Amino acid sequence: MAAILKRNIPFGRPMIGDEERRAVMDVLSGPILVHGPRSQAFEKAFAAWTGAPHAVSVSSCTAAMHLLYFSWKYGPGDEVIVPAQTHAATAHAVELVGAKPVFVDAERSTGNIDLAAVEQAVTERTRAIAVVHYLGVAVDMHRINRIAKAHELKVLEDCALAIGTRFHGQHAGLMGDAGCFSFYPVKHMTTAEGGVIVTREAALATRLSRQKAFGVDRHQGERAVPGVYDVTMLGFNYRMNEIEAAIGIEQVKRLDDILVRRERNYRTLRGALAQFSELTLFDEPAPPNISSRYCLSVMLNNKLAERRYEIVAALNERGVGTSVYYPRAVPHMTYYAEKYGYSKGSFPNAAWISATTIALPVGPHLQEEDMVYIGEAFKEVLGKAA
Ligand SMILES: *Cc1c(COP(=O)(O)O)cnc(C)c1O
């Protein structure tokens, strides 16, 4: 048996340096752990980086989406169109307010929501369309906005994988009514747990900043007498704390560099994988659109797909970390399949992606040599002579 190549290539690893460690220690050395200046400074920094008029920090992307639907007063009888090929959180946020997620299949060429099918899914109960920029490639927001305008719908952009994604020059999250980002550790940047909402609408930003903190009428710094406030609306505790915000401020400074590294790694890996006729890759975004390069997902062709977990194990054995985005179409997850009775044959494109895909790492913790190595590991695993 040939000697197995070996390297350590984790799928994701947060880029935490001395700057983040120092920033956290500064917070812990002071008296303010929540409701402080850092969450506001973080909002300013993220807004400046994306070009957003307003940014509201929250405790996660899931909280961000729940808060928006709550703020828009959706409930039983309302429908929100969501992609079948996404994280469960995209649909959960709709369920959490008692509304119904109406799933739409993916297009095979990008994994993004099928725009022709979106139009057909609109009913008189539809209130909004949620789009996900899948793996960092922008949905055609011109078409989404045309459909939304024709039917008077709101548009929520789930940008959990889309920091750095641009559509005709605009950053993801700024083309719909609101954009929601995630700072979970394997995403483009992290605050451990955390999220942010960007919007062009000042009144919405103000309302969200109240509703994420119990619906109080004024923030800590605005109170004439400390501890004295009124509650004018229902709200959650969905705040980002000062420790998370302090990490976030440092992470935003790294974003330009992170995206350059991701682009370089993606290009090298795509080049290394081009030789394998056994693999299908998604289309590249059409210029001038820019992908955030979350990962490089490959689909295994035909019979090979049945051996996916064997191939994953062989890659992992060679030190190549992998993931699956996403392991099942959301309507095929047990909770949704049982509640709404979706059959296995529904959403064939999302099901095909989920059943055949392997996500490969291109994160900033990796070098070009790692990408070349992944190509060599594939050659071995697929049983090819060098
Ligand atoms: C990771 C992810 C989420 C959830 O983000 P959290 O910050 O963990 O709540 C939502 N949507 C998509 C598309 C994701 O990939």
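Where helices (runs of 4 or more DSSP H) fall entirely within segment 287-386, those with at least 3 residues that are open to solvent by less than 20 Å² (accessible area, probe 1.4 Å) are at 308-317, 348-356, 368-381.
When you go through Gly169, Gly179, Gly164 one by one, which is the residue that is farther than 14 Å from Leu255 by Cα and crowded, with 19+ Cβ neighbours inside 10 Å?
On the way: Gly169 fails: crowded, with 19+ Cβ neighbours inside 10 Å; Gly164 fails: farther than 14 Å from Leu255 by Cα.
Exactly one of Gly169, Gly179, Gly164 is farther than 14 Å from Leu255 by Cα and crowded, with 19+ Cβ neighbours inside 10 Å, namely Gly179.
Residues that are hydroxyl-bearing (Ser, Thr, Tyr) and under 14 Å from the mean Cα position of the chain (by Cα) within segment 78-118 comprise Thr86, Thr90, listed in sequence order. Residue-level check: of (1) modelled with pLDDT of 95 or more; (2) of a type in the set (D, E, K, R); (3) exposed (fewer than 13 other Cβ atoms within 10 Å of the Cβ), Lys6 misses just (1).
Can you say whether Ala64 is at pLDDT 95 or above and either surrounded by 13 or more Cβ atoms within 10 Å (Cβ to Cβ) or not charged (D, E, K, R) (or both), as far as the supplied structure shows? Yes; evaluated as a whole, the condition is true for this residue.
Determine, yes or no, whether Gly77 is assigned to a loop (DSSP other than H, G, I, E, B) and in contact with a Lys or Arg (Cβ under 8 Å, 6 or more places away or on another chain). It is true that Gly77 is assigned to a loop (DSSP other than H, G, I, E, B) and in contact with a Lys or Arg (Cβ under 8 Å, 6 or more places away or on another chain).
Criterion applied to Val225, Val198 was being touching a residue at least 12 places away in the same chain (Cβ under 8 Å) and away from the ligand (no atom under 12 Å from the Cβ), and the one residue passing it is Val198. Restricting segment 159-170 to residues that are touching a His at 6+ places or on another chain (Cβ under 9 Å) and in a loop (DSSP other than H, G, I, E, B), the residue that is nearest to the ligand (Cβ to nearest atom) is Ala160. Which count do you get for residues in segment 119-137 that are within 19 Å of the chain's Cα centre (by Cα) and in a strand (DSSP E or B)? Going through segment 119-137 one residue at a time, the tally reaches 5.
Please tell me if Gly173 is of a type in the set (Gly, Ala, Ser), over 20 Å from Thr357 (Cα atoms), in contact (Cβ under 8 Å) with a residue 60 or more places away in the chain and away from the ligand (no atom under 11 Å from the Cβ). So Gly173 passes the test.
Go through the residues of segment 186-195 one by one and say whether even a single one is more than 13 Å from the ligand (Cβ to nearest atom), small (Gly, Ala, Ser), in contact (Cβ under 8 Å) with a residue 40 or more places away in the chain and buried (at least 22 other Cβ atoms within 10 Å of the Cβ). If you could, list the steps in order and put the result at the bottom.
First pass over segment 186-195, keeping only residues more than 13 Å from the ligand (Cβ to nearest atom): none.
The answer is no; no qualifying residue exists.
If only residues of segment 325-354 that are among the aliphatic types (A, V, I, L, M) and farther than 13 Å from Gly111 by Cα are counted, the one that is farthest from the ligand (Cβ to nearest atom) is Ala337.
Looking across segment 224-250, the residues that are of a type in the set (Val, Ile, Thr) and open to solvent by 80 Å² or more (accessible area, probe 1.4 Å) come down to Val225, Val228, Thr232. Given the conditions (1) free of Cβ contacts under 8 Å to residues at least 24 places away in the same chain; (2) part of a loop (DSSP other than H, G, I, E, B), which single one is not true for Lys44? Evaluating Lys44 over (1) free of Cβ contacts under 8 Å to residues at least 24 places away in the same chain; (2) part of a loop (DSSP other than H, G, I, E, B) leaves (2) as the failure.
Just wondering, is there one or more residues in segment 67-81 that are open to solvent by less than 30 Å² (accessible area, probe 1.4 Å), within 25 Å of Pro185 (Cβ to Cβ) and either touching a Phe, Trp or Tyr at 6+ places or on another chain (Cβ under 8 Å) or within 16 Å of the ligand (Cβ to nearest atom) (or both)? Steps first, answer last, please.
So in segment 67-81, the residues open to solvent by less than 30 Å² (accessible area, probe 1.4 Å) come out as 67-69, 71-72, 74-75, 78-81.
Narrowing further to those that are within 25 Å of Pro185 (Cβ to Cβ): 67-68.
Checking which are either touching a Phe, Trp or Tyr at 6+ places or on another chain (Cβ under 8 Å) or within 16 Å of the ligand (Cβ to nearest atom) (or both) leaves us with 67-68.
Yes, because at least one residue in segment 67-81 is open to solvent by less than 30 Å² (accessible area, probe 1.4 Å), within 25 Å of Pro185 (Cβ to Cβ) and either touching a Phe, Trp or Tyr at 6+ places or on another chain (Cβ under 8 Å) or within 16 Å of the ligand (Cβ to nearest atom) (or both).
Of all residue pairs spaced 6 or more apart or on separate chains, those with beta-carbon atoms under 7 Å, a first member in segment 113-140 that is without any contact (Cβ under 8 Å) to a residue 40 or more places away in the chain and a second member that is open to solvent by less than 10 Å² (accessible area, probe 1.4 Å) and not β-branched (Val, Ile, Thr) are Ile113/Pro83; Ile113/Ala106; Val139/Asn112; Val139/His133.
The lone criterion from (1) part of a helix (DSSP H, G or I); (2) open to solvent by less than 40 Å² (accessible area, probe 1.4 Å); (3) in contact with a helix residue (DSSP H, G or I) (Cβ under 8 Å, 6 or more places away or on another chain) left unmet by Arg264 is number (2).
The values are calculated or read from the model by the stated rules, or taken from the named source; none is laboratory data. In this text, all values refer to a predicted model and were calculated from it rather than measured experimentally. Methodologically, a virtual Cβ is constructed for each residue, glycine included, from the backbone with ideal geometry; neighbour enumeration extends over all protein chains shown. Heads up: the accessible areas ignore ligands, DNA and RNA and are worked out on the full protein's heavy atoms, side chains in. Shrake-Rupley method; radii C 1.70, N 1.55, O 1.52, S 1.80 Å.
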